[in-house]
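Here, each number is a calculation from the coordinates, and none is a lab measurement. Computed from a predicted structure; not experimentally measured. No Cβ is skipped: glycine too gets one built from the backbone with ideal geometry, and neighbour counts run over all protein chains shown.
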Amino acid sequence: MTLGDLELTPLLDGFLRLDGGAMFGVVPKPLWEKRAPADERNRIRLAMRPLLVRGSTRTLLIDAGIGSKMDPKGIDIYGIDRARNLDQTLADAGLSADDVELVLASHLHFDHAGGFTDRAADGSLVPHFRRAQYIARTGEWDDATHPHERNRASYFAENFVPLREAGVLTLVPGDGEIVPGVRVVRTGGHTMHHQIVLIESGGRTAVFAADLMPTTAHVDPPWIMGYDLYPMDTLAFKRAFVREAIDRAYVVFFEHDPEIAAGYIRERDGRKYVEPIQP
Ligand SMILES: [Zn+2]
């Protein structure tokens, strides 16, 4: 997809399965299962779609999926299917991991940051993108490296601590520009320092919504994940953001939607929905 001077390419690091109830919080199953059918373990299928941004000063990747380090127990619990993965979809876009110059984290949960590192043959942990600088938000880093009982299962040190040890990590404390045309905005909600990425060029705006709205079903303000640490902050941010996205016709990228990588949020008779953008 072209946006002004920039080229935006949703990639794929396969699929995972998460508990449907946890994905939709207080929404009853008879409502959510129409949108996202559950398997025999009550899990729904979700994609992992990092976004490639080309045409600015540096080739940028936003998030990197779950990566290759998950053990067999994790692969089973989360139903991980990487038959099509990030390296393959990067190759389809004409790039290899070594062409990525910057990697930006929306937050550091394992299904977003797992692909940041690999386990080498000797067991050591190394950056997957060998020539890249990695960027994370300072507050998110502090939370990820000091987990508590509620968020511990989502933060695996092997995904991000090796970046600091390799000297390739830059922490950015606040909102602002990462490369020309690309800036981060803190949403809070999902985690205290979760951030979305706004991409602006040629008078148009695209947004990588990350876990503010993981799927198109989550554009409805009360459809908020049970995983969110601060759901009322998610609600407040999303309510304002969805209004803005409708009024200004933002292109919205949905990182976890199993079918729809991007679309416009529309409103008809008070109901909000997503009009997909065909790839
Ligand atoms: Zn998350």
Arg204-Arg130 FRET efficiency (beta carbon distance; Förster radius 35 Å; 0.05 resolution): 0.60
If the only charges are +1 at each Lys and Arg Cβ and -1 at each Asp and Glu Cβ, what is the size of the charge dipole of the chain around the Cα centre, to the nearest 20 debye? 500
Taking R0 as 30 Å and r as the Cβ-Cβ distance between Asp76 and Asp122, the FRET efficiency 1/(1 + (r/R0)^6), rounded to the nearest 0.05, comes to 0.70
Computed over segment 205-279, the Cα gyration tensor eigenvalues, each multiplied by 5 and square-rooted, give semi-axes in Å (largest first) of 18, 14, 11
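Let me know the shape class of segment 1-142, please: from the alpha-carbon gyration tensor, a ≥ b ≥ c as square roots of the eigenvalues, rounded when a/c is under 1.5, otherwise prolate if a/b is greater than b/c, or oblate.
prolate
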Using the Karplus equation 6.51 cos²θ - 1.76 cosθ + 1.60 (θ = phi - 60°), what ³J(HN,Hα) coupling, rounded to whole Hz, does each residue of segment 180-191 give in order, writing x for Gly and Pro? x, x, 10, 9, 9, 9, 6, 9, x, x, 4, 10
Beta carbons within 10 angstrom, averaged per residue: use that to sort the peptides 179-191, 44-56, 69-81, 231-243, highest first. 44-56, 179-191, 231-243, 69-81
How do the peptides 219-229, 7-17 rank, highest first, by the average count of neighbouring beta carbon atoms within 10 Å per residue? 7-17, 219-229
Among the lysines, which have Cα under 23 Å from the Cα of Lys238 when same-chain residues fewer than 8 positions away are ignored? Lys29, Lys34, Lys272
Which residue, chosen from Gly4, Ala47, Ala22, occupies the Cα position most advanced towards the positive end of the dipole of segment 1-89, where the dipole is computed from +1 (Lys, Arg) and -1 (Asp, Glu) charges on Cβ about the Cα centre? Ala22
Please give the per residue volume of the convex hull enclosing the alpha carbon atoms of segment 63-192, rounded to a whole number of Å³. 127
Using a 7 Å offset from the Cα along the Cα-to-Cβ direction at both Lys29 and Glu177, what is the distance between the two label points in nm, to one decimal? 5.0
Report the label-to-label distance for Asn42 and Ala153 in nanometres (one decimal), using points 7 Å from each Cα along the Cα→Cβ vector. 1.1
Which residues qualify? For Gly188, with a placed amide H closer than 5 Å and at least 5 residues away or on another chain, they are His194
Which residues' amide hydrogens lie under 5 Å from the amide hydrogen of Ala262, considering only partners 5 or more residues apart or on another chain, with H built in the peptide plane? Phe254, Ile277
Please state the relative contact order of the chain as a whole percent: Cα pairs under 8 Å, 6+ residues apart? 18
Given 99-109, 129-139, the highest-first ranking by average Cβ count within 10 Å works out to 99-109, 129-139
For Leu104, which sequence-distant residues (separation of 5 or more, or a different chain) have an amide H within less than 5 Å of its own amide H, given hydrogens modelled in the peptide plane? Leu61, Ile62, Asp63, Ile135
Can you compute the helix-only [θ] at 222 nm over the chain? Use -39500 (n - 2.57) per DSSP H run of at least 4 residues, normalise by all residues, nearest 500 deg cm²/dmol. -5500 deg cm²/dmol
Nitroxide proxy distance, nm - points 7 Å out along Cα→Cβ at Thr138 and Tyr230: 1.6
Return the sequence-ordered ³J(HN,Hα) values of segment 65-75 in whole Hz as given by the Karplus equation 6.51 cos²θ - 1.76 cosθ + 1.60 applied to θ = phi - 60°, using x for Gly and Pro. x, 9, x, 10, 8, 5, 7, x, 5, x, 4
Note on segment 131-262: contact order normalised by length, alpha-carbon pairs under 8 Å, 6 or more apart, percent, works out to 20
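Counting other C-beta atoms within 10 Å, and keeping those with at most 13, which DSSP coil GluC sites (Glu not before Pro) do you find in segment 105-191?
Glu149
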Give the dimensionless ratio obtained when the Cα radius of gyration of the chain is divided by 2.2 N^0.38 Å. 0.94
Relative contact order for segment 25-135: what is it in percent, counting Cα pairs under 8 Å that are at least 6 residues apart? 27
